[in-house]
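Q: My questions all concern the structure below.
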Ligand code: FAD
């Protein structure tokens, strides 16, 4: 399918923008709404299956979103993202259905290339907001694709409260702080929570490990890995698990499986040009979305390994927009911030 635009900018036109947003999740679209309302004519690249996600980002892969304020009865993820997009367009954002595949942040204006035009003259932008998101790491277990979002999740805070998990046995895979946090959180809903730890010790901090081990609703299965997700074709109801020392396999009947094995921020585009942490997340000045390069801002999951929620992404998208707007205004007025 040919890449689409909303009609304002023909693909072949070499474009200069005051602000370009890369990414189309809650962070990117919130930034777009603010910038468009500030008459800065933002251009938003929504991606074309960028990082494995349809335009709209991670929420396009889920059903009910019940914790996004303003929707008391909940809303389907794809529908919520359609609304974000509609709001960006309403205020005049130019949305381009292409992936930005190359970027040069070494000098301003910044240069970037669309995937379809990598060998062409680049387009340019005075400021850039990186809102390319992240994706949960998966294990690639047998049955994982069948039961993904039908019993398997990578976010306890997002999905733990859904009816299929209430008073049911659940499992968490992982041995770090997130696994400890997710398992503890899930005890509010599940009848019991099993934590599968590949090794004979936890990577979690002492305090988190203690909390985990002292919780009567949690059992840690040491030296244990999952080998297969099984169910009735619609919903997960069993895990095949294996003791890595003895090789012995057995069933663990659970209705929910939560991966807590980390996320992969979508930073391949900028990793060598912006300061990132050891896990690849973009580092921002605390309390702001400013990256290590002046004029480049980062919002959403790409810079947030802690909260990873739609609302926090939207919040940081708003911050990025206001910070970009301020920088543009100061530069236009000839004020030097430094
Ligand atoms: P993302 O949503 O990750 O979107 C980034 C977008 O940018 C993607 O569409 C990607 O294709 C695009 N992109 C990437 N690279 C490029 C590029 N180079 N050029 C152009 N485009 C690019 N949160 C909640 O608050 N409540 C929930 O109920 C909830 N449920 C969830 C269920 C699932 C299954 C998942 C996976 C996540 C869920 N989350 C939930 C988390 C929430 O989806 C994320 O926190 C949020 O979407 C992050 O938003 P973001 O704007 O940072 O980016």
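Q: Kirkwood Rh, Cα Rg: Rg to Rh for region 95-140?
A: That ratio equals 1.08.
Q: Which three numbers, in whole Å and largest first, are the semi-axes of the equivalent ellipsoid of region 37-127 derived from its Cα gyration tensor as √(5λ)?
A: Equivalent ellipsoid semi-axes, largest first: 30, 16, 10 Å.
Q: At what distance in angstrom do the alpha carbon centres of region 43-68 and region 199-214 lie from each other?
A: Here the answer is 34 Å between Cα centres.
Q: Follow-up. Run the numbers on the chain and let me know its relative contact order in percent, using alpha-carbon pairs under 8 Å that are six or more apart.
A: For the chain, the relative contact order is 19 percent.
Q: Using only the Cα atoms of region 130-207, what semi-axes does the equivalent ellipsoid have when each is the square root of 5 times a gyration tensor eigenvalue? Give whole Å, largest first.
A: Here the semi-axes work out to 19, 18, 14 Å.
Q: Per residue and in cubic angstrom, what volume does the convex hull of the Cα atoms of the chain have?
A: Dividing the Cα hull volume of the chain by its residue count gives 152 Å³.
Q: Let me ask you something else. Using only C-alpha atoms and all pairs of different ones, pull out the Kirkwood radius for region 138-259 in Å with one decimal.
A: 14.0
Q: Taking only Cα atoms, what is the 0 to 90° angle, nearest 10, from helix 77-90's long axis to the longest principal axis of the chain?
A: 10
Q: Please express the shape of region 257-330 as an equivalent ellipsoid: the semi-axes are the square roots of 5 times the eigenvalues of the C-alpha gyration tensor, given largest first in whole angstrom.
A: For region 257-330, the semi-axes come out at 23, 15, 8 Å.
Q: Starting with the fewest neighbours, write out 249, 264 ranked by other beta-carbon atoms found within 10 Å of each beta-carbon.
A: 249, 264
Read-outs throughout are calculated quantities, based only on the coordinates presented, and are distinct from any laboratory measurement. Because the structure is a prediction, the values reported are computed rather than measured. Note that each Cβ is placed from the backbone with ideal geometry, even for glycine, and that neighbours are counted across all protein chains shown.
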